[in-house]
1. By a straight-distance test (C-alpha under 19 Å), which aspartates and glutamates pair with K95 as possible cross-link partners, with residues fewer than eight away in the same chain excluded?
2. Which aspartates and glutamates, if any, have their Cα less than 20 Å from the Cα of K111, not counting same-chain residues under 8 positions apart?
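Readers should treat all values here as calculations from the given coordinates under stated rules, not as data from a laboratory. None of these values were measured; they are calculated from a predicted model.
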Amino acid sequence: MKTPFFLIAILFLLISCEPRDSENCHYTLKIKNNTNTVLFWYDASEPKITPGDIRTDPYYKPIKAFAGNNNTKIGEIHFIGGGRPSCIESLFDNKEETMYLFLFDSLQIAKKEWSEVVRDTLIIKRLDLKLKELKENNFTIEFNGK
């Protein structure tokens, strides 16, 4: 009777564990917010803000806002492909491809229509990220408000 329970417990632990980064596969992009602005962000493969409101799109899961001010909790983006964790490296088809990360002041955009956010380009910053830069910075981005 203990054997089935033991096997189920092991199976549960294996399924619930998050994958660990390796030399050629990183699952998490970390963002350290060194400002007092509460950030909201999303990543994209295009250099412009998507016209559809990502805040309410059930398909797109943008990262929730988090507090800055040298907060010890670093915000993280986890990439999913086909319902499973995906390596950040797999998002780049070639070494010169760019990933775009849009940072917003969550308080500034909270009560705005998304069309206003797009029209007025209400981003704090757009980061243009290359795989080489991400590797050099250990897949961690520090945002200092500039």
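1. E23, D43, E46, D128, E133, E136
2. Excluding near neighbours in sequence, the set is D53, D57, D120.
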